[in-house]
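The values are calculated or read from the model by the stated rules, or taken from the named source; none is laboratory data. Quick caveat: nothing in here was measured; it's all calculated off a predicted structure. In this analysis, Cβ positions are derived from the backbone assuming ideal geometry, glycine residues included, and neighbour counts consider all displayed protein chains.
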């Protein structure tokens, strides 16, 4: 999938965040890791986007996956690809 913008909002001590980063790295996904502990405005943005304070939060071109485990990532990316394919076919 060719996303324009992928951001992963993380907390440095978060095990789920590290697992998500390892999954994305293993699948050659180009993303920006945003440390919401080091950057208060990023923390506020993560809450605004996801409606919660829990990490990780993944944003792919405006689509949000919040408080997830790495086992949810394949389905999330597959749904995005399906949605993008439908949009491009119209």
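The table below lists the values:
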| quantity | calculated |
| --- | --- |
| In segment 21-42, residue farthest from residue 60 (Cα to Cα) [restricted to those that are more than 12 Å from the chain's Cα centre (by Cα) and not in a loop (DSSP other than H, G, I, E, B)] | 40 |
| Residue satisfying condition, being out of contact with any helix residue (DSSP H, G or I) (no Cβ under 8 Å at 6 or more places or on another chain), surrounded by 11 or more Cβ atoms within 10 Å (Cβ to Cβ) and not in a helix (DSSP H, G or I), within set 7, 79, 18 | 7 |
| Selection count where residues are over 19 Å from residue 4 (Cα atoms) and surrounded by 14 or more Cβ atoms within 10 Å (Cβ to Cβ), scope segment 24-41 | 2 |
| One residue from 3, 20 being modelled with pLDDT under 95 and either touching a strand residue (DSSP E or B) at 6+ places or on another chain (Cβ under 6 Å) or closer than 14 Å to residue 66 by Cα (or both) | 3 |
| Number of the condition not met by residue 45 [criteria: (1) within 14 Å of the chain's Cα centre (by Cα); (2) surrounded by fewer than 12 Cβ atoms within 10 Å (Cβ to Cβ)] | (2) |
